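The values are calculated or read from the model by the stated rules, or taken from the named source; none is laboratory data. Note that this is a predicted model, so its numbers are computed, not measured. Every residue, glycine among them, receives a Cβ derived from its backbone with ideal geometry; neighbour counts consider all protein chains shown.
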Amino acid sequence: MAEVERPLRILFTFRAPVGGLFRHVYDLVKGLVARGHQVGIVCDSMTGGERGNALLAELEPQLALGLHRLPMHRNPNPGDVAVLRLISRLIRELKPDVVHGQGAKGGLYARLHGVLTPHSGPVRCYTPHGGSLNYYPGSFLHRVYMQMEKLLERGTDLFLFESRFIQDRYHEFVTISQRPTVIALNGLYPHEFDAVQPNPDGRDFLYVGEFREAKGIDTLVEAMVLLSERGIRPSVQMVGSGPSEERIRALIDKAGLTQSFAWRGVTPAAQAFKLGRIMVVPSRFESLPYIVLEAVAGALPLISTNVGGIPEILAADYRYLIPPNNPKALADAMADALARPQAELAREAGRLSDHVNERFRVDLMVDTIVTSYRRAISVRR
């Protein structure tokens with residue numbers, strides 16, 4: 001068998017089996033296994049919840065290199081030593097070609113030993129997903145974590161960024177590495193590009209995600225107040241959960257808008273998208289959010305803030321890409337969208353879905369990453 005065709009042995013390390021990071025790993029693992037590669041996972045045993053645990057249980061029979069779970073802490077912790085020992089043992093026993101760290105903690109586990117032995121052992125790859133890069137620039141923790149990232153860069157053979165935004169952020173706060181660097185955009189499956197058909201009783205606007213400060217939901221509430229002052233009283237469906245829920249509900253109640261908002265807990269995106277006609281993303285910070293990718297793929301009209309990697313998803317001249325922390329801009333966009341014929345919004349959303357389908361596909365993501373693995377292995381040899 002030619003070397004280029006040889007199945008690879010790949011060990012993934014990451015902390016929490018939740019959110020966009022886990023979706024990225026899950027899709028990547030499925031794609032790698034389907035192409036005949038042998039894969040293993042090392043991740044946290046304390047997080048994941050019912051859904052994360054169920055998805056790991058689904059993957060486990062396909063993991064030729066096994067599923068290995070140990071307690072992992074978000075911040076530095078003495079327990080990290082046990083995880084590093086496990087990974088060292090697995091590398092000796094399983095002899096993987098690639099150890100791929102996902103996220104800041106997974107990147108630490110994958111690359112720390114490579115700092116000491118940079119030219120031996122498996123190829124060590126790193127995909128940041130925000131994590132340590134998200135701390136407020138100039139803060140003590142940000143400075144500490146950026147120094148750790150600079151140290152770990154020495155043990156990295158390949159950087160696989162999931163967006164240009166995260167690559168630029170790494171270059172700004174850590175270093176412009178001389179190691180090979182590739183952008184492998186997150187991808188979606190063909191069925192996710194089927195156009196969403198909102199329920200007949202769907203609300204005017206829809207928010208789907210976590211309820212926390214970074215998501216800018218208070219900006220949405222302030223925009224609704226401005227619309228009310230103009231005599232416009234749209235309805236909003238809120239879908240999700242999070243630590244800021246009580247505060248957001250209190251803001252809505254204080255504004256006298258309780259009847260304008262409906263609430264629903266965490267719901268799969270395909271079901272959530274049917275609950276409203278126009279998606280609103282008022283975030284203060286994002287990386288490359290799957291929820292935006294999924295909404296755009298499903299041709300759901302979208303109003304979003306211009307933050308993180310979101311401009312990489314939307315067309316350069318997108319009408320409803322607005323600045324964050326700006327209730328008036330959000331209110332203006334919402335009023336404009338409400339005033340336009342639904343068929344016109346649908347046509348624009350369909351064109352945007354086609355635009356996304358050209359670049360954000362799971363098969364393209366997996367192929368790009370496998371090609372990058374093989375190049376890094378070739379350079380090592």
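Out of the residues in region 146-167 meeting the condition of being polar (S, T, N, Q) and within 19 Å of the chain's Cα centre (by Cα), tell me which one is surrounded by the fewest Cβ atoms within 10 Å (Cβ to Cβ).
GLN167
With the condition being free of Cβ contacts under 8 Å to residues at least 12 places away in the same chain, surrounded by 15 or more Cβ atoms within 10 Å (Cβ to Cβ) and of a type outside the set (Lys, Arg), I'd like the helices (runs of 4 or more DSSP H) fully within region 283-370 carrying at least 2 qualifying residues.
So the answer is 327-339.
Quick one: what pairs do we get from region 71-94, first residue farther than 17 Å from MET46 by Cβ, second in a helix (DSSP H, G or I) and at pLDDT 95 or above, C-beta under 6 Å, 6+ apart or different chains?
Listed pairs, sorted by first residue: ILE87/TYR109.
For region 99-118, indicate whether the set of residues that are on the phi > 0 side of the Ramachandran plot and in a loop (DSSP other than H, G, I, E, B) is non-empty.
No.
Of the residues that sit in region 212-238 and are in a helix (DSSP H, G or I) and not aliphatic (A, V, I, L, M), which one is nearest to the chain's Cα centre (by Cα)?
LYS215
Exactly one of (1) more than 13 Å from PHE14 (Cα to Cα); (2) surrounded by fewer than 18 Cβ atoms within 10 Å (Cβ to Cβ); (3) in contact (Cβ under 8 Å) with a residue 24 or more places away in the chain; (4) more than 22 Å from the chain's Cα centre (by Cα) is unmet by PRO61. Its number?
Tallying (1) more than 13 Å from PHE14 (Cα to Cα); (2) surrounded by fewer than 18 Cβ atoms within 10 Å (Cβ to Cβ); (3) in contact (Cβ under 8 Å) with a residue 24 or more places away in the chain; (4) more than 22 Å from the chain's Cα centre (by Cα), PRO61 fails exactly one: (3).
Report yes if some residue within region 336-348 is over 23 Å from ALA223 (Cα atoms), out of contact with any helix residue (DSSP H, G or I) (no Cβ under 8 Å at 6 or more places or on another chain) and of a type in the set (S, T, N, Q); otherwise report no.
no
Answer yes if at least one residue in region 4-14 is of a type in the set (Ser, Thr, Tyr), at pLDDT below 95 and under 20 Å from the mean Cα position of the chain (by Cα), and no otherwise.
Scanning region 4-14, I find no residue that is of a type in the set (Ser, Thr, Tyr), at pLDDT below 95 and under 20 Å from the mean Cα position of the chain (by Cα), so the answer is no.
When you look at HIS113, is it in contact with an Asp or Glu (Cβ under 8 Å, 6 or more places away or on another chain) and at pLDDT below 95, yes or no?
So HIS113 does not fit the description; no.
Between ARG85, ARG92, ARG51, which is assigned by TED's automatic domain parsing to the domain that holds HIS113, in a helix (DSSP H, G or I), modelled with pLDDT under 95 and surrounded by fewer than 17 Cβ atoms within 10 Å (Cβ to Cβ)?
ARG51
What number of residues in region 242-266 are loosely packed, with under 15 Cβ neighbours inside 10 Å and polar (S, T, N, Q)?
2
Of all residues in region 20-48, how many are of a type outside the set (Gly, Ala, Ser) and part of a helix (DSSP H, G or I)?
12
In the list TYR170, TYR109, which residue meets the criterion of being surrounded by fewer than 23 Cβ atoms within 10 Å (Cβ to Cβ) and under 30 Å from VAL292 (Cβ atoms)?
The match here is TYR170.
Of the numbered conditions (1) surrounded by fewer than 18 Cβ atoms within 10 Å (Cβ to Cβ); (2) not assigned by TED's automatic domain parsing to the domain that holds ARG15, ARG203 satisfies every one except a single condition; which is it?
Every condition holds for ARG203 apart from (1).
So if I check each of PHE205, PHE193, PHE211, PHE173, which one is under 30 Å from GLY155 (Cα atoms) and in contact with a helix residue (DSSP H, G or I) (Cβ under 9 Å, 6 or more places away or on another chain)?
Within the list PHE205, PHE193, PHE211, PHE173, the selection yields PHE173.
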